[in-house]
Amino acid sequence: MYLIVNRKKLDNLNDYVEKQTFQRMSLAEGKLRVNVSNDMNKLTIKVYPSVVDGNPLVQVTDFELDKREKITIDSSNVSAMHLQKNGWSPIFFIKNLSLQ
(Lines give C-alpha, C1' and ligand atoms only; values in the text may rest on other atoms or scores of the structure.)
Protein backbone atom coordinates (compact mmCIF):
# COMPACT_ATOMS: atom_id res chain seq x y z
CA MET A 1 0.00 0.00 0.00
CA TYR A 2 1.39 3.31 -1.09
CA LEU A 3 -0.05 6.67 -0.22
CA ILE A 4 -0.17 8.83 -3.35
CA VAL A 5 -1.40 12.38 -3.86
CA ASN A 6 -2.32 14.12 -7.09
CA ARG A 7 0.43 16.75 -7.18
CA LYS A 8 -1.43 19.08 -9.54
CA LYS A 9 -4.58 19.11 -7.41
CA LEU A 10 -2.54 19.47 -4.23
CA ASP A 11 -0.67 22.44 -5.71
CA ASN A 12 -3.96 24.04 -6.82
CA LEU A 13 -5.46 23.53 -3.35
CA ASN A 14 -2.30 24.88 -1.76
CA ASP A 15 -2.44 28.01 -3.94
CA TYR A 16 -6.09 28.57 -2.96
CA VAL A 17 -5.37 28.12 0.76
CA GLU A 18 -2.38 30.44 0.56
CA LYS A 19 -4.47 33.17 -1.09
CA GLN A 20 -7.16 32.84 1.61
CA THR A 21 -4.95 32.43 4.70
CA PHE A 22 -1.49 33.65 3.63
CA GLN A 23 -0.07 30.29 4.71
CA ARG A 24 1.12 27.28 2.75
CA MET A 25 -0.33 23.86 3.50
CA SER A 26 1.95 21.10 4.64
CA LEU A 27 1.47 17.35 4.56
CA ALA A 28 4.65 16.95 6.60
CA GLU A 29 2.71 16.95 9.87
CA GLY A 30 0.02 14.57 8.63
CA LYS A 31 -0.52 11.07 9.94
CA LEU A 32 -2.11 8.04 8.38
CA ARG A 33 -3.47 5.14 10.42
CA VAL A 34 -4.11 1.79 8.76
CA ASN A 35 -5.74 -1.14 10.55
CA VAL A 36 -4.74 -4.41 8.90
CA SER A 37 -7.08 -7.29 9.79
CA ASN A 38 -6.16 -10.69 8.40
CA ASP A 39 -9.18 -12.67 7.23
CA MET A 40 -6.98 -15.19 5.38
CA ASN A 41 -5.19 -18.17 6.92
CA LYS A 42 -1.73 -16.61 7.08
CA LEU A 43 -0.42 -13.27 5.90
CA THR A 44 3.08 -11.83 5.80
CA ILE A 45 3.43 -8.10 5.26
CA LYS A 46 6.49 -5.89 5.05
CA VAL A 47 5.98 -2.61 6.93
CA TYR A 48 8.09 0.46 6.20
CA PRO A 49 9.40 2.58 9.10
CA SER A 50 6.38 3.64 11.13
CA VAL A 51 4.69 2.91 14.45
CA VAL A 52 3.07 -0.52 14.66
CA ASP A 53 0.77 -1.21 17.61
CA GLY A 54 2.47 1.61 19.51
CA ASN A 55 6.03 0.35 18.83
CA PRO A 56 8.32 2.51 16.67
CA LEU A 57 10.08 0.81 13.76
CA VAL A 58 13.20 2.31 12.22
CA GLN A 59 13.77 -0.52 9.74
CA VAL A 60 11.57 -2.27 7.22
CA THR A 61 10.04 -5.11 9.24
CA ASP A 62 8.10 -8.26 8.36
CA PHE A 63 4.97 -9.19 10.29
CA GLU A 64 3.31 -12.59 10.09
CA LEU A 65 -0.38 -12.48 10.88
CA ASP A 66 -2.38 -15.58 11.59
CA LYS A 67 -6.07 -15.73 10.77
CA ARG A 68 -8.05 -13.05 12.65
CA GLU A 69 -4.91 -11.25 13.85
CA LYS A 70 -4.63 -7.54 13.25
CA ILE A 71 -2.12 -4.73 13.56
CA THR A 72 -2.36 -0.95 13.48
CA ILE A 73 0.16 1.00 11.42
CA ASP A 74 0.65 4.73 12.04
CA SER A 75 2.76 6.43 9.40
CA SER A 76 5.85 8.29 10.53
CA ASN A 77 6.68 11.95 10.06
CA VAL A 78 9.38 10.85 7.60
CA SER A 79 6.65 9.21 5.47
CA ALA A 80 4.60 12.40 5.63
CA MET A 81 7.58 14.51 4.60
CA HIS A 82 8.31 12.11 1.71
CA LEU A 83 4.67 12.39 0.63
CA GLN A 84 4.89 16.19 0.71
CA LYS A 85 8.11 16.27 -1.33
CA ASN A 86 7.60 13.39 -3.77
CA GLY A 87 3.84 12.87 -3.94
CA TRP A 88 3.96 9.28 -2.70
CA SER A 89 5.04 7.31 0.35
CA PRO A 90 5.21 3.56 1.05
CA ILE A 91 3.27 2.17 4.00
CA PHE A 92 3.36 -1.63 3.62
CA PHE A 93 3.08 -4.40 1.08
CA ILE A 94 1.86 -7.97 1.16
CA LYS A 95 4.90 -10.19 1.00
CA ASN A 96 3.29 -13.60 1.29
CA LEU A 97 -0.31 -14.68 1.28
CA SER A 98 -1.40 -18.20 2.13
CA LEU A 99 -4.87 -19.14 0.94
CA GLN A 100 -4.84 -22.57 2.59
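The values are calculated or read from the model by the stated rules, or taken from the named source; none is laboratory data. Keep in mind it's a predicted model, so treat the numbers as computed, not measured. Every residue, glycine as well, gets a Cβ built from its backbone with ideal geometry; the counts of neighbours run over all protein chains shown.
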If we keep only residues of region 52-89 that are among the charged types (D, E, K, R) and not in a strand (DSSP E or B), then the residue farthest from Lys42 (Cα to Cα) is Lys85
Subset of region 20-75 [touching a residue at least 24 places away in the same chain (Cβ under 8 Å) and in contact with a helix residue (DSSP H, G or I) (Cβ under 9 Å, 6 or more places away or on another chain)]: Ser26, Leu27, Ala28, Glu29, Gly30, Lys31, Leu32, Tyr48, Pro49, Ser50, Ser75
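Within region 39-48, identify whether any single residue is more than 18 Å from the chain's Cα centre (by Cα) and in a helix (DSSP H, G or I), and answer yes or no. Full working, then the answer.
Start the filter on region 39-48 by keeping residues that are more than 18 Å from the chain's Cα centre (by Cα), which leaves 39-43.
If we keep only those that are in a helix (DSSP H, G or I) too, we end up with none.
No.
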Give me a count of the residues in region 66-85 that are exposed (fewer than 14 other Cβ atoms within 10 Å of the Cβ) and at pLDDT below 90. 2
Some residue of region 64-75 being over 15 Å from the mean Cα position of the chain (by Cα) and hydroxyl-bearing (Ser, Thr, Tyr): no
